[in-house]
Amino acid sequence: MTNKIGKAYAFFNCKASKGDVEKELPFIRECVKTPNALELSLIEGTDTLIGDTQLLQIAKQAKDAGIMYVMEATYSNATNHQTADEVSSILNQAYQSPLYEEGEEFRGEIVFKERGKYVFRE
């Protein structure tokens, strides 16, 4: 068995500060029972994201669309798709949290690599 690491990226908007989002994340993770092996890093802005050309192109499109945050997720012994599913649960729960005002529109996309190409999670 190979020691594979799943990777996924969430590009999303939220009016809350980076500090507030980071403070809320442990509660959100607890709500959705996120596996401990899932590691998240929150990046404000898309300019500091490091990745291949295709990922950086997606990041540029997100920036052009006014997206504020990128969440990079890595998950040991999981596929990229499984990692994207976990990130999706986190974002769905985040939208139910105090980070979003009632009625605030949610804007976000989750991408992961499948067969060498980035795909958007449906």
Scanning for something of a type in the set (A, V, I, L, M, F, W, C) and in contact with a helix residue (DSSP H, G or I) (Cβ under 9 Å, 6 or more places away or on another chain), does region 53-63 turn up at least one residue? no
Subset of region 70-122 (residues that are farther than 16 Å from Arg29 by Cβ, touching an Asp or Glu at 6+ places or on another chain (Cβ under 7 Å) and buried (at least 18 other Cβ atoms within 10 Å of the Cβ)): Asn80
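Out of region 1-55, which residues are in a helix (DSSP H, G or I) and either closer than 13 Å to Thr74 by Cβ or over 14 Å from the mean Cα position of the chain (by Cα) (or both)? It would help to see each step written out before you state the result.
Pass one, region 1-55, residues in a helix (DSSP H, G or I): 18-31, 53-55.
Selection gives Gly19, Asp20, Lys23, Glu24, Pro26, Phe27, Glu30, Cys31, Thr53, Gln54.
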Can you say whether Ala78 is small (Gly, Ala, Ser), assigned to a loop (DSSP other than H, G, I, E, B) and either closer than 26 Å to Lys4 by Cβ or touching a strand residue (DSSP E or B) at 6+ places or on another chain (Cβ under 9 Å) (or both), as far as the supplied structure shows? yes
For region 11-37, which positions are of a type in the set (A, V, I, L, M, F, W, C) and within 11 Å of Ile90 (Cα to Cα)? Leu25, Phe27, Ile28, Cys31, Val32
Do you know which of the residues in region 18-54 that are surrounded by fewer than 12 Cβ atoms within 10 Å (Cβ to Cβ) and among the small types (Gly, Ala, Ser) is nearest to His81 (Cα to Cα)? Ser41
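Quick note: the coordinates plus some simple rules give every number you see, no bench work behind them. Model, not experiment: these values are computed from the prediction. Quick reminder, even Gly has a Cβ in these numbers, built from the backbone with ideal geometry, and neighbours come from all protein chains shown.
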